[in-house]
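The values are calculated or read from the model by the stated rules, or taken from the named source; none is laboratory data. Note that the coordinates shown come from a computational prediction; the quantities given were computed from them, not determined experimentally. All Cβ positions, glycine included, derive from the backbone under ideal geometry; neighbour counts span all protein chains shown. Ligands, DNA and RNA are stripped out before the accessible areas are found, and what is left, the full protein with its side chains, is counted by its heavy atoms. Shrake-Rupley method; radii C 1.70, N 1.55, O 1.52, S 1.80 Å.
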Amino acid sequence: MTDKKARKTASVPAFKASRKPSPSESAWEENTLKPALAKSPDRVADFTTVSSYPIRRLYTDADLANWNPDRDLGDPGAPPYTRGIHPAMYRERRWTMRQFAGFGSADDTNRRFRYLLSKGQTGISVAFDLPTLMGYDSDHPLAEGEVGKCGVAISSLADMEALFDHIPLADVTTSMTINSPAAPIWAMYLAVAEKQGADWRTISGTLQNDILKEYIAQKEYIYPPGPSLRIVTDTIEFGAKHIPKFNPISISGYHIREAGSTAIQELAFTLRDGIEYVEHCLRRGMQVDDFAPRLSFFFNAHNDFFEEIAKYRAARRIWQSVMRERFGAKNPRSWALRFHAQTAGCSLTAQQPYNNVVRTAVQALAAVLGGTQSLHTNSLDEAWALPTESAATIALRTQQIIAHESGVTNTADPFGGSYFVETLTNEVERGARDYIETIDALGGMVAAIERGFPQREIADAAYRYQVAIDRKEKIIVGVNDYVVVEKPIETLHIDETVARSQSDRLRKLRADRSNAEVDRRLNSLRHAAAGTDNLMPHLFDAVKAYATLGEICDALRQPFGVYQEVAIT
Amino acid sequence: MPEKKIRVLIAKPGLDGHDRGAKVIARALRDAGMEVIYTGLRQTPEMIASAAVQEDVDVIGLSILSGAHNTLCARLMELLHAKGMTDVTVLIGGIIPEADIADLKKIGIAEVFLPGTTTQAIVDFIRQRVAAAPRGA
């Protein structure tokens with residue numbers, strides 16, 4: 001990597017130059033520190049976070065010279081929300097323990113959901129398989145080998161009905177990790193709710209529905225950005241009118257971080273994505289306070305404890321100022337950034353997998369100390385396969401131990417006022433704001449994506465990290481140090497019988513339904529897509545006639561086209 | 001005469017879009033002096049086999065994290081065989097359960113690199129392999 005690139009990408013602050021230590025700190029440095037270092041110097045020259053962000057030897061009041069606690073810290077449940085969005089935080093209510101699960105058929109996953117609920121989990125989170133995420137039915141040729149593998153296969157309303165069999169949607173909240181086909185999947189969910197007699201005005205949950213981070217990081221897109229953002233705006237608009245307690249979008253940094261970004265990049269790109277969605281809704285003619293309270297966020301919980309806590313605190317502070325100053329939101333609920341967190345999948349090691357329980361616990365603790373509203377903890381075996389039931393149970397237990405035994409829930413924002421955490425929060429905020437300004441200058445996030453800007457920043461950071469690991473500048477226990485020879489662990493295996501039974505189900509579905517009615521409703525959807533109608537009512541009609549997900553996505557592929565990225569390596 | 005550069009095709013088969021590993025490996029192999037062609041996302045085994053023939057590569061590196069490795073690799077190996085490309089070294093990296101590794105090697109996958117592998121280990125493996133059995137030799 002060239003120096004020029006390093007200067008461009010690393011948002012290293014110039015805080016050292018302006019720092020004025022107090023007389024007593026200077027005296028300590030001269031009389032205590034220097035002799036100690038003369039005797040035994042530091043282990044390494046540079047101390048950095050997992051994102052390679054430089055960390056000082058010591059943080060004191062000199063680092064907070066321009067910090068104003070009334071302005072920058074405030075109180076819990078009040079702007080700028082640095083200390084959390086609720087006045088009582090976890091004293092009032094703990095976070096939602098929401099374990100992402102899904103594999104095999106809808107029946108298989110329904111059993112896992114009911115098992116997790118019986119073990120004390122408080123919300124459902126659906127993982128869909130790749131054909132579903134890409135808008136293909138289980139019997140599509142491109143689905144071969146992928147059906148039910150990294151999530152549950154959902155090809156029609158019939159599968160969605162099986163997925164939530166005996167799970168009352170009026171009582172549980174459901175998160176659905178789906179993006180490009182989020183709108184038809186949501187329509188299926190709403191149809192199940194309706195059949196169960198649950199009221200749309202009171203059901204709650206979260207649709208991921210964040211297409212921008214797909215172009216940036218996870219790459220599960222179907223349509224080009226323009227039509228994709230139209231669909232997202234349709235769902236936000238429809239939700240605000242008819243399903244007011246549901247979060248129609250979860251603006252996600254998780255996948256950006258998993259793709260190799262730094263903490264600052266994760267924060268900046270996610271918040272800038274949020275700004276892009278708000279701008280689209282405003283252009284649609286919506287009022288900011290009519291939809292902004294239901295925008296939700298999703299962040300990674302990575303290994304670097306304090307950097308993560310600072311990231312969540314900075315996220316809330318930036319978002320409240322964006323909502324108030326950039327968009328003129330008046331409702332405090334529009335200002336408060338609510339988020340879900342998931343521990344870092346990319347930090348899990350295939351080597352000595354039981355060590356992952358410890359990593360996950362540290363990461364989860366950072367998310368809780370950073371004030372998360374809900375949390376997923378990864379299972380120890382996920383560098384090998386989807387989790388077994390026993391591994392998933394330990395992951396849930398990890399959260400329960402933090403909640404009930406560690407004592408960290410007794411007070412709001414325990415790190416508030418810490419010289420280090422407040423300084424890092426300020427610096428992460430500044431780094432993220434710099435990136436947001438850069439993307440504004442590029443003409444917004446879609447323009448930045450089309451130029452490959454966030455993709456390139458992330459690829460560079462991912463490569464720098466790998467080089468640091470390869471050179472042992474950063475140690476991963478069991479991977480590049482403390483290595484042992486070990487026996488394999490038992491993992492979950494999903495065979496091809498799921499694909500065969502899904503194909504049979506689809507054949508039966510297509511034989512039993514009225515195909516003339518399906519065609520009529522798909523035509524009306526296609527027609528609406530070519531115009532400017534909100535697509536949600538048309539999608540709802542199509543799913544209720546048991547049009548399949550693949551048929552619906554194909555109907556939209558015709559007017560919208562498909563997206564091909566220019567790969568950046 | 002300068003030594004011929006090792007040619008590598010890095011491919012992402014299947015529907016998965018997680019391309020961090022593929023991109024890091026592509027860059028590391030390029031930094032190690034190899035000629036790297038990255039296919040981009042969502043390549044079918046047919047597309048990968050054709051690209052391998054067209055680009056006349058010594059090595060195919062597949063990045064698979066989706067659990068679809070058994071199906072995708074079996075199909076690719078069949079196609080390479082049918083095209084007479086039996087001397088190309090095929091490698092996989094990604095999320096691969098231990099129980100599947102022996103079967104993958106049986107169908108001709110030269111090596112399976114798991115999470116935590118250094119890029120240098122992959123560079124060394126490729127160099128040794130190509131030096132020991134150069135294509136067309």
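Key figures
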{"item": "Top-ranked residue of the stretch A:475-487 - restricted to ones that are of a type outside the set (Val, Ile, Thr) and either away from chain B (no Cβ under 11 Å) or without any contact (Cβ under 8 Å) to a residue 24 or more places away in the chain (or both), ranked as most open to solvent (accessible area, probe 1.4 Å)", "result": "A:Lys487"}
{"item": "Failed condition for A:Asn523, given (1) free of Cβ contacts under 8 Å to residues at least 40 places away in the same chain; (2) crowded, with 17+ Cβ neighbours inside 10 Å", "result": "(2)"}
{"item": "A:Glu429 vs. criteria away from chain B (no Cβ under 14 Å) and over 24 Å from B:Asp19 (Cα atoms)", "result": "yes"}
{"item": "Among (1) assigned to a helix (DSSP H, G or I); (2) open to solvent by 40 Å² or more (accessible area, probe 1.4 Å); (3) more than 9 Å from chain A (Cβ to nearest Cβ), the one test that B:Thr86 misses", "result": "(1)"}
{"item": "Residue list for the stretch A:538-553, filter: without any contact (Cβ under 8 Å) to a residue 60 or more places away in the chain and assigned to a helix (DSSP H, G or I)", "result": "A:His538, A:Asp541"}
{"item": "Conditions (1) under 17 Å from A:Gly444 (Cβ atoms); (2) buried (at least 24 other Cβ atoms within 10 Å of the Cβ); (3) among the small types (Gly, Ala, Ser): number failed by A:Gly253", "result": "(1)"}
{"item": "Test: residue in the stretch A:274-287 that is over 28 Å from A:Thr532 (Cα atoms) and open to solvent by 20 Å² or more (accessible area, probe 1.4 Å)", "result": "no"}
{"item": "Some residue of the stretch B:47-70 being surrounded by fewer than 17 Cβ atoms within 10 Å (Cβ to Cβ), away from chain A (no Cβ under 12 Å) and in a loop (DSSP other than H, G, I, E, B)", "result": "yes"}
{"item": "Hits in the stretch A:555-569 - residues which are over 30 Å from B:Lys23 (Cα atoms) and surrounded by fewer than 18 Cβ atoms within 10 Å (Cβ to Cβ)", "result": "A:Gln558, A:Pro559"}
{"item": "Evaluation of B:Ile109 against (1) among the hydrophobic types (A, V, I, L, M, F, W, C); (2) part of a loop (DSSP other than H, G, I, E, B); (3) over 22 Å from A:Gln564 (Cα atoms); (4) within 11 Å of chain A (Cβ to nearest Cβ) (one fails), failing number", "result": "(4)"}
{"item": "The stretch A:104-121, subset touching a strand residue (DSSP E or B) at 6+ places or on another chain (Cβ under 7 Å) and of a type in the set (A, V, I, L, M, F, W, C), residue modelled with the lowest pLDDT", "result": "A:Leu116"}
{"item": "All positions within the stretch A:62-103 that are in contact with a strand residue (DSSP E or B) (Cβ under 7 Å, 6 or more places away or on another chain) and of a type in the set (Gly, Ala, Ser)", "result": "A:Ala101, A:Gly102"}
{"item": "Among the candidates A:Asp137, A:Asp165, residue that is under 23 Å from A:Ile211 (Cα atoms) and not basic (Lys, Arg)", "result": "A:Asp137"}
{"item": "Residue list for the stretch B:2-27, filter: more than 8 Å from chain A (Cβ to nearest Cβ), open to solvent by 10 Å² or more (accessible area, probe 1.4 Å) and in a loop (DSSP other than H, G, I, E, B)", "result": "B:Pro2, B:Glu3, B:Lys4, B:Lys5, B:Ile6"}
{"item": "Residue satisfying condition, being open to solvent by less than 10 Å² (accessible area, probe 1.4 Å), within 14 Å of chain B (Cβ to nearest Cβ), in contact (Cβ under 8 Å) with a residue 60 or more places away in the chain and not polar (S, T, N, Q), within set A:Gly123, A:Gly148", "result": "A:Gly148"}
{"item": "Residue list for the stretch A:354-372, restricted to those being open to solvent by 10 Å² or more (accessible area, probe 1.4 Å) and in a loop (DSSP other than H, G, I, E, B)", "result": "A:Tyr354"}
{"item": "Residue that is farthest from the other protein chains (Cβ to nearest Cβ), among those in the stretch B:28-46 that are of a type in the set (D, E, K, R) and out of contact with any strand residue (DSSP E or B) (no Cβ under 6 Å at 6 or more places or on another chain)", "result": "B:Glu46"}
{"item": "Pick from the stretch A:373-390, criterion surrounded by 23 or more Cβ atoms within 10 Å (Cβ to Cβ), touching a strand residue (DSSP E or B) at 6+ places or on another chain (Cβ under 7 Å) and not small (Gly, Ala, Ser), ranking: farthest from the other protein chains (Cβ to nearest Cβ)", "result": "A:Leu375"}
{"item": "Hits in the stretch A:280-294 - residues which are more than 17 Å from the chain's Cα centre (by Cα) and either among the charged types (D, E, K, R) or outside any loop (DSSP other than H, G, I, E, B) (or both)", "result": "A:His280, A:Cys281, A:Leu282, A:Arg283, A:Arg284, A:Val288, A:Asp289, A:Asp290, A:Phe291, A:Ala292, A:Pro293"}
{"item": "Tally, over the stretch A:300-320, of residues that are surrounded by fewer than 24 Cβ atoms within 10 Å (Cβ to Cβ) and within 14 Å of A:Arg272 (Cβ to Cβ)", "result": "1"}
{"item": "Residue count, the stretch A:483-501 (criterion: more than 30 Å from the chain's Cα centre (by Cα) and not in a loop (DSSP other than H, G, I, E, B))", "result": "3"}
{"item": "A:Tyr189 being open to solvent by 10 Å² or more (accessible area, probe 1.4 Å) and either assigned to a loop (DSSP other than H, G, I, E, B) or more than 14 Å from chain B (Cβ to nearest Cβ) (or both)", "result": "no"}
{"item": "Residue under evaluation A:Lys472, criteria (1) assigned to a loop (DSSP other than H, G, I, E, B); (2) basic (Lys, Arg); (3) surrounded by 15 or more Cβ atoms within 10 Å (Cβ to Cβ), criterion not met", "result": "(3)"}
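Matching residues to (1) in contact with a Leu (Cβ under 8 Å, 6 or more places away or on another chain); (2) charged (D, E, K, R); (3) closer than 26 Å to B:Ser66 by Cα; (4) assigned to a strand (DSSP E or B):
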{"position": "A:Glu220", "(1), (2), (3), (4)": "yes, yes, yes, no"}
{"position": "A:Gly226", "(1), (2), (3), (4)": "no, no, no, no"}
{"position": "A:Glu237", "(1), (2), (3), (4)": "no, yes, no, no"}
{"position": "A:Ile251", "(1), (2), (3), (4)": "yes, no, yes, yes"}
{"position": "A:Ile264", "(1), (2), (3), (4)": "no, no, no, no"}
{"position": "A:Val278", "(1), (2), (3), (4)": "yes, no, no, no"}
{"position": "A:Ser296", "(1), (2), (3), (4)": "no, no, no, yes"}
{"position": "A:Ala315", "(1), (2), (3), (4)": "yes, no, no, no"}
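Rundown of residues vs (1) in a helix (DSSP H, G or I); (2) crowded, with 16+ Cβ neighbours inside 10 Å; (3) at pLDDT below 95; (4) touching a Pro at 6+ places or on another chain (Cβ under 9 Å), yes/no style:
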{"position": "A:Met1", "(1), (2), (3), (4)": "no, no, yes, no"}
{"position": "A:Lys8", "(1), (2), (3), (4)": "yes, no, yes, no"}
{"position": "A:Leu37", "(1), (2), (3), (4)": "yes, no, no, no"}
{"position": "A:Asn66", "(1), (2), (3), (4)": "no, no, yes, no"}
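To keep it simple, each residue is scored yes or no on (1) within 14 Å of chain B (Cβ to nearest Cβ); (2) of a type outside the set (Val, Ile, Thr).
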{"residue": "A:Arg91", "(1), (2)": "no, yes"}
{"residue": "A:Leu116", "(1), (2)": "no, yes"}
{"residue": "A:Gly135", "(1), (2)": "yes, yes"}
{"residue": "A:Asp159", "(1), (2)": "no, yes"}
{"residue": "A:Ile167", "(1), (2)": "no, no"}
